[in-house]
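Below you'll find the structure, written out as structure tokens, and then a few comments.
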Amino acid sequence: MTVEKLPYVSVILPCRNEEPFLAACLDSIIANDYPKDRMEIILVDGLSSDQTLAIAESRKANREGVSLSIIQNPKKIFPCAVNLGIKQALGDYIMIIGAHAVYDKLYLPAIIETAMRTGAENTGGVLITEGLNQSLVGKAITQVLSSPFGVGNSTFRTGSDIETEVDTVFGGCYQKSVFEKIGLFNENLVSTSDMDFNTRLQKTGGKIVLTPAAKTHYFTRTDFKKFVRNNFRNGFWSLYPLRFLNYLPVRFRHLIPLFFFSGLLLGGILSCLIPYLWIAFIACMALYFCVAVAASLKFVRSNILNLFLMPFLFFMLHATYGLGSLVGLTRAVTGRTIR
């Protein structure tokens, strides 16, 4: 395909206080092997208080021919940033990316080639999770967040060697007509608005495709406290959207931690009330940790301590996500206001 026939692509980058990551992220997008005059970058800043804007302005002055615009997001939250970017976008395709990542040089061309060939309404690539520190705990957290036992069948996280149809992707690239068809992102959903959008997309028959040819290196927080806090937040926002919606915006895998934590809570209480039930409760927990140990075996070569550390981190991932889901569900039911 000639350069003139390549689609114009709008890359929307929502960010707020992303000073440590923004320069590398922008540089990787600008360096992508895609015609510079066939793409634009729309950086949507949520009133950053660090050097985010200064970095963005410096890249705007040295953008190597790529159109880079900066707009403000007074509401500061992700779905508002995306919607502001979509309204300004000129592209035939609209790609929504994250600042905590560096994108391989072939990311954009691989996405566009796959999107045009398959006709997919949303196309994305594989996420390679990298920790922000290389401590024992940091590496173990990174491995937990890339493991099928940790995150289920989230293909863009666990990886794939083949092009496949999925239910969500990271760094999704949408046909512009999708937004004309089903509307914009739900601004009531501070988090999980992307999963909600993809749910609405698939309900209308839209197809989401993941291509392994497009790779992103995502830098995750590997501090234990932040790991726990982020799990709780993700769990909360998996079910709290029910306060505003009359359908479930997430997949079954997102509900499993809720069942797990509810089983822990109920099993613990009943074990104290019913004689010998504690034996079944302990047996179930033993089975869980056996599976967790089995899932950790592939990482033993890097450090034997993973055999002990990772099962604990798996448990914390599932338990804190499940607790967040329970709190979110409770808050949604008690304050339900569908709009």
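The values are calculated or read from the model by the stated rules, or taken from the named source; none is laboratory data. Everything numeric here is computed off the predicted structure, so don't read it as measured data. Neighbour counts run over all protein chains shown; Cβ positions are idealised from the backbone, glycine included.
Worth a mention:
- Residues being in contact with an Asp or Glu (Cβ under 9 Å, 6 or more places away or on another chain) and of a type in the set (Lys, Arg) - total across the range 74-107: 2
- Subset of the range 7-26 [touching a residue at least 12 places away in the same chain (Cβ under 8 Å) and over 24 Å from ASN122 (Cα atoms)]: ARG16, ASN17, GLU18, GLU19, PHE21, LEU22, ALA23, ALA24
- Within the range 127-168, the set of residues being under 19 Å from HIS254 (Cα atoms) and of a type in the set (Gly, Ala, Ser) comprises SER146, SER147, GLY150, GLY152, SER154, GLY159.
- Near pairs, Cβ below 6 angstrom, 6+ apart or cross-chain, from the range 166-187 (under 16 Å from GLN202 (Cβ atoms)) to any residue that is of a type in the set (D, E, K, R) and assigned to a helix (DSSP H, G or I): ILE182/ARG200; ASN186/ASP196
- Any hit, the range 204-211, residues being touching a Phe, Trp or Tyr at 6+ places or on another chain (Cβ under 7 Å) and under 17 Å from GLY125 (Cα atoms): yes
- Wholly within the range 61-169, strands (runs of 3 or more DSSP E) carrying at least 2 residues that are of a type outside the set (D, E, K, R) and touching a Pro at 6+ places or on another chain (Cβ under 9 Å): 93-96, 122-131
- Considering only residues in the range 212-244 that are out of contact with any helix residue (DSSP H, G or I) (no Cβ under 7 Å at 6 or more places or on another chain) and assigned to a loop (DSSP other than H, G, I, E, B), the one that is surrounded by the most Cβ atoms within 10 Å (Cβ to Cβ) turns out to be PHE244.
- Just one of (1) under 24 Å from ALA140 (Cα atoms); (2) surrounded by 16 or more Cβ atoms within 10 Å (Cβ to Cβ) fails for ALA294. It is (2).
- Checked against (1) more than 30 Å from ASN186 (Cβ to Cβ); (2) exposed (fewer than 15 other Cβ atoms within 10 Å of the Cβ); (3) at pLDDT 95 or above; (4) under 27 Å from the mean Cα position of the chain (by Cα), LEU287 meets all criteria but (4).
- Only residues that are polar (S, T, N, Q), closer than 24 Å to ASP194 by Cβ and part of a loop (DSSP other than H, G, I, E, B) were counted across the range 43-60, and they come to 1.
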